[in-house]
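Remarks on the structure that follows.
The values are calculated or read from the model by the stated rules, or taken from the named source; none is laboratory data. Just so we're clear, the structure is a prediction, and the values are computed from it rather than from any experiment. All Cβ positions, even for glycine, are placed from backbone atoms using ideal geometry, and neighbour counts span all protein chains on display. With ligands, DNA and RNA removed, areas are computed over all heavy atoms of the protein, side chains included. Shrake-Rupley method; radii C 1.70, N 1.55, O 1.52, S 1.80 Å.
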Amino acid sequence: MYTIHSTLTEEEKWYFDLHGFLVLRDVIPKDEIKEMLNVLQYWLTIDETDIPPPLDRGRQEPCKTHIGHIQYGHPLFQDLAMNSEIIRVVAGLTMNAPRLFHCNFTMMTKHDAPQHFHRDDSGFKFPLGFRNPHNDYQAAAGHIYCSHIATWVALVDVPPGTGFCLVPGSHKSLFQTPENLPVRHDPPTSITLPMTAGDVAIFSTNLLHDASPWTEDYPRMNIFQRYQLSAYFNETGKGGYPLDEHRDKISDAQYELESLSKEVKAAVKPVLPNGG
Ligand SMILES: O=C(O)CCC(=O)C(=O)O
Ligand SMILES: [Fe+2]
């Protein structure tokens with residue numbers, strides 16, 4: 001019988017199945033965070049026309065500045081996408097076959113307007129009651145299968161009551177979300193995740209989530225990486241990762257991590273027994 005090794009601990013499986021997220025502490029050393037912030041600060045200050053392609057800088061909302069595709073701009077962000085602790089958890093949720101399909105940096109400034117919970121999808125809404133096969137969640141036989149995952153990497157400290165907000169367990173909810181559920185720390189319905197710089201939250205994007213109002217004087221800085229099952233899905237379609245025109249800006253292992261594949265990827269091998 002074909003068996004898949006699970007890279008998650010039993011406690012991690014229990015926790016993720018129950019809540020739909022995990023927080024990994026102290027994943028990125030402080031000196032690496034500092035290096036990342038230096039590079040990001042540079043991209044935040046230069047003229048928009050000087051941003052090296054394929055990176056792009058823009059604002060979706062007045063309080064948030066995004067820089068997309070940062071792994072094509074500096075190897076630090078490739079190392080982050082392939083970080084063995086992150087890959088261990090992401091692999092454990094994708095039958096050891098993750099594909100990075102999205103990576104950006106977000107800076108959020110002080111903001112207190114009402115936000116709305118959402119689930120991530122790529123624009124196609126399945127009718128209520130259907131499971132979106134691109135964003136699925138199942139657990140059986142000692143494994144979790146979560147085909148659409150995001151990581152939220154804290155580059156600054158995120159105090160209690162602000163930052164990233166979610167509804168624990170909602171990745172499995174089959175009922176209509178009540179309207180106007182406030183996006184703020186309100187346990188047990190919704191919680192925010194206190195984090196220190198270098199912590200990483202990993203969650204099913206089928207979990208109800210959004211940014212809580214940011215209350216600090218310094219900006220909220222985080223990196224958002226999304227992974228999905230490597231074997232079948234390429235949700236971003238045309239223009240999705242890997243960006244072939246910019247192939248020379250990433251390593252072979254990074255290119256493979258971003259590609260559809262049924263092989264065990266170089267980024268995954270180190271987290272498997274005997275190197276895969
Ligand atoms: O900025 C955040 O904390 C949440 C962002 C998010 O959920 C998204 O971009 O889909
Ligand atoms: Fe989202």
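Among the residues of the range 206-219, write down those that are surrounded by fewer than 22 Cβ atoms within 10 Å (Cβ to Cβ) and either within 13 Å of ligand 2 (Cβ to nearest atom) or of a type in the set (Ser, Thr, Tyr) (or both).
Residues satisfying the conditions are ASP210, ALA211, THR215, TYR218.
Residues in the range 150-169 that are surrounded by 22 or more Cβ atoms within 10 Å (Cβ to Cβ) and within 13 Å of ligand 2 (Cβ to nearest atom): how many?
6
Given the options GLY20, GLY68, GLY92, name the one that is closer than 30 Å to TYR232 by Cβ, touching a Phe, Trp or Tyr at 6+ places or on another chain (Cβ under 9 Å) and free of Cβ contacts under 8 Å to residues at least 60 places away in the same chain.
GLY68
Could you identify the single residue in LEU37, LEU80 that is open to solvent by 30 Å² or more (accessible area, probe 1.4 Å) and hydrophobic (A, V, I, L, M, F, W, C)?
Answer to the selection: LEU37.
Quick one: count up the residues across the range 116-149 that are within 12 Å of ligand 2 (Cβ to nearest atom) and crowded, with 18+ Cβ neighbours inside 10 Å.
Residues meeting the conditions: 6.
If VAL156 passes every condition in (1) touching a strand residue (DSSP E or B) at 6+ places or on another chain (Cβ under 9 Å); (2) more than 14 Å from ligand 1 (Cβ to nearest atom); (3) assigned to a loop (DSSP other than H, G, I, E, B) but one, which one does it miss?
(2)
Any residue at all in the range 84-103 that's over 24 Å from ALA231 (Cβ atoms) and open to solvent by 10 Å² or more (accessible area, probe 1.4 Å)?
No, the range 84-103 contains no residue that is over 24 Å from ALA231 (Cβ atoms) and open to solvent by 10 Å² or more (accessible area, probe 1.4 Å).
Please go through the range 247-265 and give me each residue that is out of contact with any Lys or Arg (no Cβ under 8 Å at 6 or more places or on another chain) and surrounded by fewer than 16 Cβ atoms within 10 Å (Cβ to Cβ), ordered by number.
Answer for the range 247-265, where residues must be out of contact with any Lys or Arg (no Cβ under 8 Å at 6 or more places or on another chain) and surrounded by fewer than 16 Cβ atoms within 10 Å (Cβ to Cβ): ARG247, ASP248, SER251, ASP252, LYS262, GLU263, VAL264.
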